[in-house]
Amino acid sequence: MTSTVDTDSADGGYPQTQTPLLSHRQILTIMSGLMLGMFLGALDMTIVATAVRTIADDLDGLSIQAWITTAYLITATIMTPIYGKLSDIYGRKPLYLTAISLFLIGSVACTMATSMYQLAVFRAVQGLGAGGLMSLAITIIGDIVPARERARYQGYIVAVFGTSSVLGPLIGGLFAGMDSFLAVDGWRWVFLINVPVGIVALFVVAKVLNVPHERQDHRIDWWGAAALATGVIPLLLVAEQGRDWGWTSSGALICYVVAAIGIAAFVRVEAAMGDAALLPLRLFRNPTFSVAIGAGLLVGVTMFGSMTLIPQYLQIVQGFSPTEAGLLTLPMMGGIMVTTTITGRYTSATGRYKIAPVIGTLLLSLGALLLAQIEWDSPVWQPMVYMGVIGMGLGGCMQTLVIAVQNAGPRSDMGVSTASATFFRQIGGTLGVAVFLSILFSTLTSNVRAAFAELGIPVAAASAGNRDIMADSSFLKSMPIEQAKPFLIGFTESISTVFYVAAAVAFAASIVVMAMREVPLPEVRRE
C-alpha cells in the first residue's frame, strides 16, 4: 500500500501535518491494545458501582461510601488534561503505558484495603491512571486514522463500553454475592480482576503501539497544573458532597472561594505560558473548538445525569436488583451503537459531521422528555424504549464532537485538544449529577407528602412514614404495595422533574451545536 497524506487545513488556518495511512489491519492491531486499556476503565466504572454497597458494608463505611467515587473522580479528571499535554511533548506510548501501570498499581492496592479511608486513597491512585486510559486512546486513534475515516472506528470504542455495560453488572453482582473466592473476599475480586486484563494490555500496547512522534520542546506547565487542581478539586468536592454538607454550608462556601481563586490563577498562568500552556487559550479563540467544547459540556450534564438516575428508578421504583437494573440499561448502549455506526459511515462518505450532533442532541432532549412521562407503575418496556432514544442521541454527538475538536486545531495539539473535550464533558457530567440529585432530594419529601394526600392517607401517617428512600430504600421491598405506593409515586414525580431539566439542557446543547462552524473533513486519497 502506498502512503498518502491528509494535507488540508483545519479551521482557523492551522495546517495539518502529514498522516501516514495505515491499512485497516494495521489500525485494528494497534486498536486491540487501546481497546484493552479502555476496557479497564469502562469495566471499572460499572463493576464498582454494582458492588459498592457490599464493599461499604464489609468495611463498615456505609456513610462514607461516596468518597471511593469522589477520590477516583478527582484524580482522573485532573489527570486528563495533564496526560494530553505530556503526550504531545513526549509521545503517546510512554504515557499510555504509564496510565495502565498506575491503574494496575491502584487496583492491586484496592484489593488490600482494610478500611474505607484506605480504599478511597487507593481509588485515587487508580484515578491517576484512569485519567489517561480513555482520552489517550481516542487521541492515538486521531494520530493513526485520517479525520474523515476516524468516525468509522468509533464503533469499536462503543463496543468496548457495550461489553463493559453487560459484564460489569454481572461480574460485580457475582463477586459482591460471594463470601470468598480462592481464599480472597468476593468483593476484592472487583479490583483484582483488573490485573490480568491490565497485564495483557501492557504487553499488547508495548508491542504494537509504534506510532512515530516528533518531540515538542515545550516547558511543562506545572504551575498551570497546580492552579487547575486548585480550581477543579473544590468544585468536584462540593459537587459530590454538597448535598450532605449543604450548598450554603461553611465547607461549601470555602470550596467556592478556593475554586474561584484557582480558576482565576489558571487563566493567568495559561495566558503567560502561551503554547506551552496545559490548555492553550488560543484554542478557545477557535469558534469550532469552543462551541464543540461547550456542547460537549452540556451533553455531559445530560448523559451522566441520565446514566445515574435511570438505574435508581429501575431499582427503587420497579424493584430490580442492581445487576438486573444494569442489564436493563442495554437499550441505551444499543442506541449508541446504532447511531455511531450510521454517523460514522455518513461522515466517512461525505466529510460532513455537524448534522450528527444536531440530531443527536435533539434526540437526547426527546428521550429525556419521554422519560419524564413515566409513571411508578409503567411497564418496564417504556423506560427501556426511551433509554434507546437517549442512546441514539448520545451516539450521534459524543464522538462526533470529539472529531470536531480534533479537526479544529493543529495536529501538534491533538493530545491537549482531545483531553480538553474529555475533561469538560467529565466536568459537565459531575456537575450534572450533583444538580440532578439535588433536584431529586429537594423535591422528594414534598412529592411523597403530596402522594399521601392524593391517596387520602392521613397526614399523621404520612409524617410517620416519611423516610429517606435514598438513604435506605430496602424498607420498600418488605412493605405492602398499598403502603409503599406513595413513596414510589413521590420518587417517580421527582425523577420526572429531573428529566424535564435534562431535556432543557439537551435542547440548549442543540442550539449551541447549530451555531458551530462546520469544517468539512478532507477526503483521503489512496494511491
**Fill in**
Most exposed to least, judged by fewest other Cβ atoms within 10 Å, 83, 313 sort to 313, 83
**Prompt:** How far is helix 355-371 tilted, in degrees, relative to the longest principal axis of the Cα atoms in the chain, given as a value from 0 to 90 rounded to the nearest 10?
**Reply:** 10 degrees
**Prompt:** Which FRET efficiency value, to the nearest 0.05, do you get for residue 454 and residue 285 by plugging their Cβ-Cβ distance into 1/(1 + (r/R0)^6) with R0 = 60 Å?
**Reply:** 0.65
**Prompt:** Could you give the Stokes-Einstein D for the range 359-418 in µm² per second, using the C-alpha Kirkwood radius, 4 °C, 1.567 mPa s?
**Reply:** 98 µm²/s
**Prompt:** Hey, what did the chain get for relative contact order, percent, Cα under 8 Å, at least 6 apart?
**Reply:** 22 percent
**Request:** Note the full-extension length gain between residue 178 and residue 115 as 0.36 nm times their separation in residues minus their Cα-Cα distance, in nm to one decimal.
**Result:** 20.8 nm
**Asked** Helix 66-90: angle to the longest alpha-carbon principal axis of the chain, degrees 0 to 90, nearest 10?
**Response** 10 degrees
**Asked** For the range 255-333 and the range 371-435, what is the separation of their Cα centres, given in Å?
**Response** 9 Å
**Message:** Test of understanding: what is the full-extension gain from residue 341 to residue 500, defined as 0.36 nm times their sequence separation minus their Cα-Cα distance?
**Reply:** 54.4 nm
**Asked** Taking 0.36 nm per intervening residue step and subtracting the Cα-Cα distance, what contour gain separates residue 244 from residue 28 on full extension?
**Response** 73.1 nm
**Asked** Regarding the range 21-211, what are the three Cα extents along the principal axes, ordered largest first, in Å?
**Response** 54, 30, 25
**Cβ charges +1 (Lys, Arg) and -1 (Asp, Glu), total dipole of the chain, debye** = 1060 debye
**Message:** Based only on Cα atoms, what mean projected area does the convex hull of the range 85-177 have, in nm²?
**Reply:** 7.3 nm²
**Message:** Normalised by the empirical 2.2 N^0.38 Å for globular proteins, what value does the Cα Rg of the chain take?
**Reply:** 0.97
**For 157, 481, order by how many other beta-carbon atoms lie within 10 Å, fewest first** = 481, 157
**Request:** Return the tail of the calculated pair distribution for the range 281-527, meaning the percent of Cα-Cα pairs more than 28 Å apart.
**Result:** 39 percent
**Asked** Using only the Cα atoms, what convex hull volume per residue in Å³ does the range 222-277 have?
**Response** 57 Å³
**Item:** Nearest-ten-degree value, helix 381-408 long axis tilted from longest Cα axis of the chain
**Value:** 30 degrees
**Message:** Suppose every Lys and Arg Cβ carries +1 and every Asp and Glu Cβ carries -1, with no other charges. What dipole size does the range 32-166 come out with about its Cα centre, to the nearest 20 debye?
**Reply:** 460 debye
**Asked** What is the range 341-460 by shape, rounded, prolate or oblate, if you read a ≥ b ≥ c off the alpha carbon gyration tensor as root eigenvalues and call it rounded for a/c under 1.5, prolate for a/b larger than b/c, and oblate otherwise?
**Response** oblate
**Fill in**
the range 144-229, convex hull of Cα, quarter of hull surface, nm² -> 10.0 nm²
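Every number in this text was worked out from the coordinates using simple rules, so none of it is lab data. Just so it is clear, the model here is predicted, and its values are computed rather than measured. So basically every Cβ, Gly included, is an ideal-geometry build from the backbone, and we count neighbours across all protein chains shown.
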